[in-house]
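Colleague: Got a structure for you, questions after.
What follows is calculated from the coordinates using simple rules that are stated; it is not laboratory data. Remember, predicted model here, so these are calculated numbers, not experimental data.
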Amino acid sequence: MPAKLSAFALSPTTTRAGARAVLSTRLRELGFENPEREATLLVTNACGLRAVDLISAPEAPLGEAARRLEIFAARRASGEALSRILGRRSFWSLDFAISPDVLDPRPETETLVEAAVAKLAARRGEALRILDLGVGSGAILCALLTEFPAALGLGVDRSEGAAAIARGNAETLGLAARARIEVGDWTAGLESPFDLIVSNPPYIRSGDIAGLDREVRDHDPRLALDGGPDGLAAYRALAPEIARLLAPEGWFFLEVGAGQAASVREIASRAGLCNLAAFADLAGIERVVGGRGP
């Protein structure tokens, strides 16, 4: 795809409906799925509108938003995810702010939340202690706190920028009183047991990163992608620490890459973790490995 949408030629006098039509046509030519939906979102967000405003006043001019809309469109044409352009991502029916400091939460990661909710359903009303390692935007932790209304959560991330985004999301969702976000190196300094430990660690092989889709390769932070030469470095570091920190009746759940579930289960088993199981996403790919403590 080209780096720019130079054919747009939008101006302050271009109408909202006209801009949407131009964007829809160009995005379709470039091979994007759902070009009408994307065009609508680009126009409404660039103009600070609600969808109903586009319907009720389609002939209103873009005004000062024309330049901003051209920039949004060029970014989309360059392969940047729509969610990154808009700075928002829906996850577990919740709305999260994202930034270049955090991984863009993806639907398959909801498999982890589903597995955790299913396994701890009987303890839904308890004051569970939840630990999210590599908290990123806070999507997993916040989703779990909404499902376990008496739980307390701790999210840890190496990135101060990511921690700031997670704190902001927890506050926006009304979860700040139950979510503590810290900057740290995995479990360093943690001693208290946790009833639920979760993580979506980096699991891409270092040598494979250059071949990733550019929405991921060029825009997700490398810190959240690079899992070392075989993609399993984070699991080797985490497994013994999970075994150390997991409460007697606790569970852990780790997102894994396609084809990694068997290797991660072996790493977990060697660390003394048990009752190991893999959970598939909607595409049938084993996406999560979970289990109990020693």
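Colleague: Under the rule of -39500 (n - 2.57) per DSSP H run of 4 or more residues, summed and divided by the residues of the chain, what mean residue ellipticity at 222 nm is obtained, to the nearest 500 deg cm²/dmol? Walk me through the intermediate numbers first.
Modeller: Working: 11 runs with 110 residues, N = 294.
-11000 deg cm²/dmol, from helical runs alone.
Colleague: A follow-up question, please. Does anyone have the angle between helix 65-77 and the longest principal axis of the chain? Alpha-carbon axes, 0 to 90°, nearest 10?
Modeller: For helix 65-77, the angle is close to 50 degrees.
Colleague: Which percent of Cα-Cα pairs in the chain sits in each 5 Å bin, short to long?
Modeller: 1, 6, 12, 14, 16, 14, 11, 9, 7, 6, 3, 2, 0, 0
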